[in-house]
Amino acid sequence: MSRKRFLVEAGLLCLALILGAADCLAQTSYSTVSGNLHVAGVYVPGYTVYDAKLSKSGGDFSELVEGDMFILQHSEQSFARTPVPSIFSLDTAVVRMPVVAVTDGSKVTQYLEVEMMYQAGSAPMRFTVTRVLPADLGRGATGPTASTGVGIGISSAVHGSVNWTGAMLRGIGFTISHGSTGVYTIHFATPFPGIPDCTVTALDNWVVCSSPYDPTTSGFSTTCTWDGDVSNADFTFTCLY
C-alpha cells in the first residue's frame with residue numbers, strides 16, 4: 001500500500017467517527033456568500049457514501065476556481081434519498097464532483113464539474129481544487145434512487161443499512177431476506193439497468209461480511225462470519241451502476 005493511500009484511508013477512518021449535524025441537501029452546492037461547499041453523496045470505493053461540509057480557506061468567495069483550498073469541517077454517512085455520487089479515489093486522492101450548483105444565497109447561478117486533491121497528511125483534511133469545468137447536465141440518471149446529473153459513469157445508486165435481524169435500518173429502494181444465520185439477500189425495488197458494483201461493510205469490527213456473490217440487476221446476497229463461523233450482523237452496503 002502506498003503512503004498516500006495509507007494516509008487517505010487513515011483519514012477516512014477518523015471521518016467515520018465524526019457524526020455531526022450536517023445539512024441534508026438535495027445536491028452538492030457551493031455558496032459564493034459563505035464560501036461553504038456541501039458535498040451531498042461522495043462515494044469512497046470499499047467504504048461507503050458520505051455527506052461532507054468544507055469551507056474555503058481565504059481568498060475570494062465569489063468564484064470557485066483552480067487553486068482554491070478547502071478545509072473539511074465535518075462529514076457523516078450519507079443516506080440521501082436522491083444521491084449525486086461524487087467519487088473520492090483512494091488511489092489518486094482525487095475527489096471528483098460531476099455537478100456542483102453554485103449559489104449566490106438566493107438562486108443557482110451556474111453548474112460546475114469540480115475535481116480536488118487531498119493534501120496527504122493534512123489535519124484537518126485539506127483539498128486543493130485542481131479542475132473546474134462547466135457541468136454536463138445532459139447525462140440524466142435512471143434507476144433506483146437516482147438523480148439528474150449523476151455522471152462520472154454512474155447512472156444508478158442504492159445505499160442502505162441492515163440490522164442483524166434482517167430489518168432495514170436506513171435507506172430506501174430495497175428489501176431484505178434473511179432466511180438463515182448470517183445470510184442476507186438484498187432485493188432492489190427497481191432493477192438496475194445492468195449488473196451493479198456492490199460493496200458490503202460489517203458494522204462490527206470483529207465480523208466480516210463477504211463481497212456480494214451472484215449479483216444480478218435485481219439484488220445480491222452476502223454471508224457474514226465471526227471467527228470463521230457464520231453469524232448474524234449489522235452491515236451497510238452500496239451498489240452503483
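Every number here is computed from the coordinates shown, using simple stated rules; none is lab data. The model shown is predicted, which means the values in this text are computed figures rather than measured ones. As a convention, Cβ positions derive from the backbone with ideal geometry for all residues, glycine included, and neighbour counts pool all protein chains shown.
Counting alpha carbon pairs within less than 8 Å and at least 6 residues apart, what relative contact order, in whole percent, applies to the stretch 178-234?
Details: 105 pairs, mean separation 23.4, N = 57.
About 41 percent, as a whole number.
Over all alpha-carbon pairs of the stretch 157-240, lay out the pair-distance distribution in 5 Å bins, whole %, shortest bin first.
Reading the bins upward from 0: 3, 17, 30, 27, 15, 6, 1, 0.
With each pseudo-label sitting 7 Å past Cα toward Cβ, what's the N163-T175 distance in nm, one decimal?
About 1.8 nm separates the two model spin labels.
Would you mind counting up the charge near V162? Only other residues with Cβ under 13 Å from its Cβ, with Lys and Arg at +1 and Asp and Glu at -1. Please list the in-between numbers first.
Numbers: positive: R170; negative: D204, D234.
With Lys, Arg at +1 and Asp, Glu at -1, the net is -1.
Cβ under 12 Å from T48's Cβ, T48 left aside: what net charge do those residues give with Lys, Arg +1 and Asp, Glu -1? Mind dumping the intermediate values first?
Working: positive: R170; negative: D51, E76.
Result for the local shell: -1.
Expressed in nm to one decimal, what extension gain is obtained for the pair H74 and D197 from 0.36 nm per residue of sequence separation less their Cα-Cα distance?
41.6 nm
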